[in-house]
Amino acid sequence: MDAGIARGTTDEVLGRLERAFAGWSEDDGPRVVATDADQTLWDGDVGFDLFEALLDARGTRAEARAALAVEAEACGLSVKPGDDAHALAARLYEVFEAGGYEESRAFAMMAWAFAGWSEDEVRGFADRTFARLRLEERVRPGLLAVVRWAQAHRVRVLVVSASPQLAVERAVVAFDIPPADVMAMCPKVEAGIVQPSMAAPPTYGRGKVLAVERALGARAGGATKLLAAFGDSVYDADMMRLSVVPVAVTPAPKLLAVCGSIPGVVVLDQPVAPVGQR
């Protein structure tokens, strides 16, 4: 890692936020913090948690089968008439884990694989899964402190994630972030029932920037600007470049490799609680 890239503590990140907040002008637009979810707000990945729980429960329904068959064939898998939705979903996950399934497409599949479920069923399943896996114990205290800082300063917090929309909505309940401020992989829903297709573009890589722009609305004559952005993956880098305070949270190696191209970036290796809250 480039020695010129700053590393900081949670307290130092909060200090940067205070200074950026104070220096913000009306011409900059609304003050907004954007953050990734998995491996940023908490340890682990709620999308994987939920999809693995779906497989364990053999919960994939017939409504998803045709779309899963299309995905399987696109991945080079043979599909037999007797292959049910569960078998196809399980094989696709094996291909994904082996690196043979393009990530943005796989993450979309993990969202619409709940086709045939009602939204309330998915929410309940997510709540039970996260309770069983003790998600609340995986919340990163430093990021919780950042969100609480933003809320105290009336700064909007957008959560932009490649995990399923309903999974992230339930996971961020601990942060008191409303569903309207979650931009994640969003399957089509008709009459309250999940459909086997997507309702919006993938929130992955450059798609995260597009999601932020949609959430904030296009500003004529100027680019979208964020007060701060947090992420752990190279696919968060474009979103981080929009911000005054870009923070790489326990960054993966590929994000570290591009940190030098993100002006003002600070690396938060240990997202622990601020000193006064320990």
(message) For the range 85-110, give me each residue that is without any contact (Cβ under 8 Å) to a residue 24 or more places away in the chain, among the small types (Gly, Ala, Ser) and surrounded by fewer than 17 Cβ atoms within 10 Å (Cβ to Cβ).
(response) 98, 99
(message) On the basis of being of a type in the set (Gly, Ala, Ser), touching a helix residue (DSSP H, G or I) at 6+ places or on another chain (Cβ under 8 Å) and closer than 30 Å to residue 15 by Cα, does residue 116 make the cut?
(response) no
(message) Among the listed residues 160, 155, 146, identify the single one that is crowded, with 22+ Cβ neighbours inside 10 Å, under 24 Å from residue 17 (Cα atoms) and touching a Pro at 6+ places or on another chain (Cβ under 9 Å).
(response) 146
(message) Regarding the range 6-20, can at least one residue be identified that is more than 30 Å from residue 137 (Cβ to Cβ), in the same structural domain as residue 240 (by TED's automatic domain parsing) and modelled with pLDDT of 95 or more?
(response) yes
(message) Restricting to the range 11-37, count the residues that are surrounded by 22 or more Cβ atoms within 10 Å (Cβ to Cβ) and either outside any helix (DSSP H, G or I) or not aliphatic (A, V, I, L, M) (or both).
(response) 6
(request) Working carefully through the options 125, 175, 130, find the one that is touching a Gly at 6+ places or on another chain (Cβ under 8 Å), of a type in the set (A, V, I, L, M, F, W, C), in contact (Cβ under 8 Å) with a residue 60 or more places away in the chain and surrounded by 17 or more Cβ atoms within 10 Å (Cβ to Cβ). (result) 125
(message) Would you confirm whether or not the range 181-192 contains a residue that is closer than 30 Å to residue 66 by Cβ, charged (D, E, K, R), surrounded by fewer than 23 Cβ atoms within 10 Å (Cβ to Cβ) and at pLDDT 95 or above?
(response) yes
(request) Return yes or no: is residue 102 among the charged types (D, E, K, R) and under 21 Å from residue 203 (Cβ atoms)? (result) yes
(message) Considering only residues that are among the charged types (D, E, K, R) and touching a Phe, Trp or Tyr at 6+ places or on another chain (Cβ under 8 Å), which ones fall in the range 159-215?
(response) 170, 188, 208
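Every residue, every condition in (1) in the same structural domain as residue 66 (by TED's automatic domain parsing); (2) within 27 Å of residue 229 (Cα to Cα), yes or no:
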{"residue": "89", "(1), (2)": "yes, no"}
{"residue": "104", "(1), (2)": "yes, yes"}
{"residue": "148", "(1), (2)": "no, yes"}
{"residue": "151", "(1), (2)": "no, yes"}
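The values are calculated or read from the model by the stated rules, or taken from the named source; none is laboratory data. This one's a predicted model, so the numbers in the text were calculated from it and none came from an experiment. When we count neighbours, we look across all protein chains shown, and the Cβ atoms used for this are built from the backbone with ideal geometry, even at glycine.
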